[in-house]
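The values are calculated or read from the model by the stated rules, or taken from the named source; none is laboratory data. Nothing here was measured: the structure is a model prediction, and the numbers come from that model. As a convention, Cβ positions derive from the backbone with ideal geometry for all residues, glycine included, and neighbour counts pool all protein chains shown. For the accessible areas, the whole protein counts, side chains as well, though only heavy atoms, and no ligand, DNA or RNA atoms are used. Shrake-Rupley method; radii C 1.70, N 1.55, O 1.52, S 1.80 Å.
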Amino acid sequence: MKLSLVEIDPETFNLLVIDLIKVKRTGKRFKKWLLELESEEDRFGLRSSNMPIVDAALDDRLPLPYKDLTPLAREAMEGMIRPDYSEISAPFYTAIRGAHLAPPEIVHKNGKMYAWTYFEEKEDEEQQSAGEQAHVERAKRR
């Protein structure tokens, strides 16, 4: 992991620089989960709603940070969609938005806001792949 000082969007408080390695890692995992959905499990269109966004992120075509709504967020919050959808999709949408998992410590510099954050490096991706596979397997069993 590499610690970096990154500018924060004054409107959303999300990072303006996105961890592209994390986007790829979480996007690959989410795409695998979407592709493994049986058609009877996808009555809300999870695949058709999310796959264009995931593919665009994996192909470096998605404008980042992503500012649109998460597909089917209302349905997920209301418990209409299988619970593992949120568990699998949240890391990806958090990554493409540059959102924080915890409130950052704000650094003011030259009239702008910044936060220290860790960015994944290639070596981190390789170490996490085994853990990610276990996570996907747990989500499938639910």
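Of everything in segment 69-89 that is without any contact (Cβ under 8 Å) to a residue 12 or more places away in the chain and in a loop (DSSP other than H, G, I, E, B), the residue that is most open to solvent (accessible area, probe 1.4 Å) is 69. Is at least one residue of segment 49-58 assigned to a loop (DSSP other than H, G, I, E, B), more than 12 Å from residue 92 (Cα to Cα) and either open to solvent by less than 60 Å² (accessible area, probe 1.4 Å) or modelled with pLDDT of 95 or more (or both)? Looking for residues that are assigned to a loop (DSSP other than H, G, I, E, B), more than 12 Å from residue 92 (Cα to Cα) and either open to solvent by less than 60 Å² (accessible area, probe 1.4 Å) or modelled with pLDDT of 95 or more (or both), one finds none in segment 49-58, hence no.
Only one residue in 38, 78, 87 is at pLDDT below 95 and within 20 Å of residue 120 (Cβ to Cβ), so which one is that? The conditions single out 87.
Among residues of segment 11-23 that are of a type in the set (A, V, I, L, M), those with a beta-carbon under 6 Å from a residue that is assigned to a loop (DSSP other than H, G, I, E, B) at least six positions away or on a different chain give the pairs 15/98; 16/9; 18/64; 18/65; 18/98; 21/120. Within segment 95-115, restricting attention to residues that are touching an Asp or Glu at 6+ places or on another chain (Cβ under 8 Å) and part of a strand (DSSP E or B), the residue that is least open to solvent (accessible area, probe 1.4 Å) is 115. Only one of the listed residues (92, 44) is open to solvent by less than 30 Å² (accessible area, probe 1.4 Å) and either modelled with pLDDT of 95 or more or not in a strand (DSSP E or B) (or both). That residue is 92. Summed over segment 1-31, the residues that are outside any loop (DSSP other than H, G, I, E, B) and open to solvent by 70 Å² or more (accessible area, probe 1.4 Å) give a count of 4. Among the residues of segment 116-139, those that are of a type in the set (D, E, K, R), assigned to a helix (DSSP H, G or I) and either modelled with pLDDT of 95 or more or surrounded by 12 or more Cβ atoms within 10 Å (Cβ to Cβ) (or both) comprise 124, 125, 132.
In the set 12, 26, 70, only one residue is out of contact with any strand residue (DSSP E or B) (no Cβ under 9 Å at 6 or more places or on another chain), of a type in the set (S, T, N, Q) and at pLDDT 95 or above; that residue is 26.
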